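Heads up: the structure comes next, in structure tokens.
Any read-out appearing in this document is the output of simple, stated calculations on the displayed coordinates, not a laboratory observation. As the structure is a prediction and not an experimental result, all values here were calculated from the model. In this analysis, Cβ positions are derived from the backbone assuming ideal geometry, glycine residues included, and neighbour counts consider all displayed protein chains.
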Amino acid sequence: MPRQIAFACDHAAFHVKDTLIKMITSAGEDIEVNYLGPTTGDSVDYPDFAAAVCAKVASGEAEKGILVCGTGVGMSIAANKVNGIRAALCHDHVTTVLTRQHNNANVLCMGERVSGLEVIQDMIQTFLNTPFSDEARHIRRIEKVTALEKQE
Ligand code: RB5
């Protein structure tokens, strides 16, 4: 069974979406990308695409999600509204490693207008290949984050 990775962007990253799909596919042995749009470069609303990816991750249909907009900010704000989602906005290698190890982030958000493709490729590889460090203190903190979802 291949690893399912849900991916979407908005118009800001649409022109590089095929490159991003290739980067995700080649980040590991047996990765299948579920591209959730958009299908044209017309202006779209990033929350619609964050919602589509996060639904797949929250339901378990996808192991992880990747979202790219202009800055990554809008996607990350929207993604973190969805129960079960721990979305990390990353710009560099170290943050990407640590958000997997410490936060068990399940969605990676990036900005096409702020990060170069080489850095984006490294962040994708790192995000998909760095395991959660399941130490008690990290588990406890994630459980506290999850408890915040239930306070609504
Ligand atoms: C679209 O112009 C831009 O606002 C969007 O891609 C993203 O950067 C929002 O946070």
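Some observations on this one:
- Contact order for segment 60-152, expressed relative to its length and based on alpha carbon pairs under 8 Å spaced 6+ residues apart, stands at 31 percent.
- Semi-axis lengths (Å, descending) of the ellipsoid that matches the C-alpha gyration tensor of segment 1-46: 22, 10, 6
- Nearby lysines by direct alpha-carbon distance to Lys144 (threshold 22 angstrom, same-chain neighbours under 8 apart not counted): Lys64, Lys81
- Highest-MSF residue in the chain out of Val53, Val68, Val82 [GNM, Cα springs under 10 Å]: Val82
- Positive contributions from Lys and Arg (+1) and negative ones from Asp and Glu (-1), summed over other residues with Cβ under 12 Å from the Cβ of Val68, come out at 0.
- For segment 106-152 and segment 20-36, distance of Cα centres in Å: 18
- Restricting segment 18-105 to trypsin sites (Lys or Arg not before Pro) that sit in a DSSP loop and have at most 15 other Cβ atoms within 10 Å of their own Cβ leaves Lys81.
- Where labels lie 7 Å past Cα in the beta-carbon direction, separation of Leu98 and Leu117 in nm: 3.0
- A simple charge model with +1 on the Cβ of Lys and Arg, -1 on the Cβ of Asp and Glu and nothing else charged puts the dipole of segment 1-143 at about 400 debye relative to its Cα centre.
- Local electrostatic count at Gly28 - Lys and Arg +1, Asp and Glu -1, tallied over other residues with Cβ under 12 Å: -2
- GNM top mover of Ala136, Ala12, Ala105 - the chain, alpha-carbon springs below 10 Å: Ala136
- Descending semi-axes in Å of segment 25-103, equivalent ellipsoid built from Cα gyration tensor: 19, 16, 14
- In nm, spacing of pseudo-spin labels at Arg140 and Glu63 (7 Å Cα→C-beta vector): 3.0
- In the chain, a dipole from Cβ-located charges (positive for Lys and Arg, negative for Asp and Glu) runs towards its positive end, and of Ala6, Ile77, Ser43 it is Ile77 whose Cα lies farthest in that direction.
- Hull volume in cubic angstrom per residue (convex hull over the Cα atoms of the chain): 100
- All aspartates and glutamates inside 19 Å of Lys17 as judged from Cα atoms, apart from same-chain residues fewer than 8 positions distant: Glu32, Asp42, Asp45, Asp48, Glu112, Glu118, Asp122
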